[in-house]
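These notes concern the structure reproduced below.
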Amino acid sequence: MRIAICPGSFDPVTLGHMDIITRAQKVFDKVIVAVLINPEKHTSFTVEERIDLLNRATAGLENVEVVGFNGLLADYARMRNAAAIVKGLRAVTDFEYEFQMALINKKLNPGLETMFLTTSSENMFLSSSIVKQIASFGGDISNFVPECILQDIQERLCTGGRKE
Ligand code: PNS
């Protein structure tokens, strides 16, 4: 079975992420959406909330599993027997960082490939931080996040995010 990992912070999941996950699950037998657990990084949604949002957004996709992970992605991929990391590339600005990550992950786990999908043109500008910014100023984010989780995302973000 060919397994791919789509890793990220998903704070929150956007239609850009959904595009990559949906396309990856057509190519691989199984896609593991791996949400980074990083207590040091401030996030608007807890890891449990991010996993819940992703589970609801991917409910129609049979071969997708959503998990939290900590530590090195290369180690997690080895543990789950994944053949590839699949990520979306939006623009040249993403490239340098993603290239560095891909090379490091290859050193750490030579059996693991990193594959990039070119983002769909309508998602070129889209990121979780842009969604957060628009929502925090009361803007309409309905074109940027999955409809089934829109309300939950809006409610959290328009009130200024998670309170510590
Ligand atoms: O959505 P993001 O925040 O761009 O995702 C980044 C992510 C989770 C893919 C990246 O931070 C990651 O892989 N973190 C796990 C730690 C790791 O393996 N780092 C690379 C080697 S130093």
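The values are calculated or read from the model by the stated rules, or taken from the named source; none is laboratory data. Quick caveat: nothing in here was measured; it's all calculated off a predicted structure. Methodologically, a virtual Cβ is constructed for each residue, glycine included, from the backbone with ideal geometry; neighbour enumeration extends over all protein chains shown. Accessible surface is based on the protein model in full, side chains and every heavy atom, while ligands, DNA and RNA are left aside. Shrake-Rupley method; radii C 1.70, N 1.55, O 1.52, S 1.80 Å.
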- Within segment 1-33, which residues are assigned to a strand (DSSP E or B), within 13 Å of the ligand (Cβ to nearest atom), under 14 Å from ASN63 (Cα atoms) and touching a residue at least 40 places away in the same chain (Cβ under 8 Å)? ILE5, CYS6, ILE32
- Residues in segment 116-135: is at least one modelled with pLDDT under 95, over 19 Å from the mean Cα position of the chain (by Cα), of a type outside the set (Asp, Glu) and open to solvent by 90 Å² or more (accessible area, probe 1.4 Å)? no
- Message: Against the condition open to solvent by 20 Å² or more (accessible area, probe 1.4 Å) and under 12 Å from the mean Cα position of the chain (by Cα), how does MET18 come out, does it pass?
- Response: yes
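So which of PHE10, PHE69, PHE45 is on the phi > 0 side of the Ramachandran plot and open to solvent by less than 20 Å² (accessible area, probe 1.4 Å)?
Values: PHE69 fails: on the phi > 0 side of the Ramachandran plot; PHE45 fails: on the phi > 0 side of the Ramachandran plot.
Answer to the selection: PHE10.
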- Among the numbered criteria (1) in a helix (DSSP H, G or I); (2) over 13 Å from the mean Cα position of the chain (by Cα); (3) under 23 Å from SER127 (Cα atoms); (4) more than 11 Å from the ligand (Cβ to nearest atom), which single criterion is violated by ARG78? (3)
- Residue check for ILE85: surrounded by 14 or more Cβ atoms within 10 Å (Cβ to Cβ), of a type in the set (A, V, I, L, M, F, W, C) and more than 29 Å from ILE3 (Cβ to Cβ): no
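Hey, among GLU96, GLU122, which residue is over 17 Å from LEU15 (Cα atoms) and either part of a strand (DSSP E or B) or more than 10 Å from the ligand (Cβ to nearest atom) (or both)? Give the derivation first.
Details: GLU122 fails: over 17 Å from LEU15 (Cα atoms).
Result: GLU96 is the single residue among GLU96, GLU122 that is over 17 Å from LEU15 (Cα atoms) and either part of a strand (DSSP E or B) or more than 10 Å from the ligand (Cβ to nearest atom) (or both).
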